[in-house]
1. Pulled fully out, how much extra length does the chain show between residue 168 and residue 322, if you take 0.36 nm times their separation in residues and subtract their Cα-Cα distance?
2. Under 13 Å from the 7 Å Cα→Cβ point of residue 350, by amide nitrogen: which residues of segment 270-289?
3. Quote to one decimal, in nm, the extra length available between residue 124 and residue 96 on full extension: 0.36 nm per residue of separation minus the C-alpha distance between them.
4. Run the numbers for residue 158 and residue 4: contour at 0.36 nm per residue of separation, minus the present Cα-Cα distance, in nm.
5. Ranked by Cβ crowding within 10 angstrom, fewest neighbours first, how are 315, 128 ordered?
6. Considering Cα pairs under 8 angstrom that are at least six residues apart, work out the relative contact order of segment 261-360 and quote it in whole percent.
7. So, in nm, how far is label residue 251 from label residue 109 when the simple model puts each one 7 Å beyond its Cα toward the Cβ?
8. What distance in nm lies between label points placed 7 Å from Cα along the C-beta direction at residue 150 and residue 191?
């Protein structure tokens, strides 16, 4: 089937608008493919390396935006197609305002006013209210949901590993409290055959049978040394003594009673904007919140994430600012860079901010 291209010209007067019949649709339409031809006067407009987006304010005054380009085979002569999402066909009636925007790098080089109409669909049993749709924000939301799902899976694995470690350490503690180890403060009885390669010192003498006085004296020294040695082993295995054992062989399970500590810190990032930080092991959860916050665009926050809670590597974190999701950069040094531009470079605009995020840290534990 032959393609019909809607021809648009960058030389249109600002108060002129081109009616694009191919954009017309009925409520409920979704993913319509519309073909465009952009010209600069009478010459085709080369769109290579440029970004193309469609912005519209529908009949209810709700903003929509998309930059989903499909066919780019003729992009060098200004030909392309766009996939129009279903959100553009929610409210019936003529759009209040719409335009095609052409950008290069961070510069907008042309905006071409267009108009189209959404026809009411009386066959739809249930109709939803028109909603704001910006495809770049939707991509951020989908990415955040995916990251939260992955983090939840990782947390479950960590919890299972901690429970397994508790069982292992508990078994070791039970064995230590049994009669398998000699204890310095207790009476110990050795029923097996024991061989001592070095001298045994027993200042208080030995009790028991010996073939000679020399053997008895040696046995006295042996019992004393054995008691001291086993007491040292017991102390090294006692979690309360906080000892380091380089090589430890355990016949059975290892068990201690761990205390899973939660570290907390609160930091002011900007006036009226605080972050509560919680660390368990190598995992950090941050809760952000503030009302009437001055957030300067394209700048570092005044405060930073402290040592003990910083990320293992640079990452992005999400803020909801005035009900819109925005992306911030968090560096390994704990500094946060605001990439959101509110259009007020003086920094005098006040905002409400909320958000939370999770990352891993390789910092030492906080003091």
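1. Details: separation 154, 0.36 × 154 = 55.44 nm, distance 4.94 nm.
Computed gain between residue 168 and residue 322 is 50.5 nm.
2. 271-273
3. Details: separation 28, 0.36 × 28 = 10.08 nm, distance 2.32 nm.
Working it through step by step, the gained length comes to 7.8 nm.
4. Values: separation 154, 0.36 × 154 = 55.44 nm, distance 5.70 nm.
Extending this stretch completely gives an extra 49.7 nm.
5. On the way: 315 16, 128 8.
Placing the least packed residue first, the sequence is 128, 315.
6. On the way: 236 pairs, mean separation 32.2, N = 100.
Here the relative contact order equals 32 percent.
7. 8.1
8. With each label point 7 Å from Cα toward Cβ, the separation is 5.7 nm.
Only the coordinates and a few stated rules stand behind these numbers; no lab work does. Note that this is a predicted model, so its numbers are computed, not measured. No Cβ is skipped: glycine too gets one built from the backbone with ideal geometry, and neighbour counts run over all protein chains shown.
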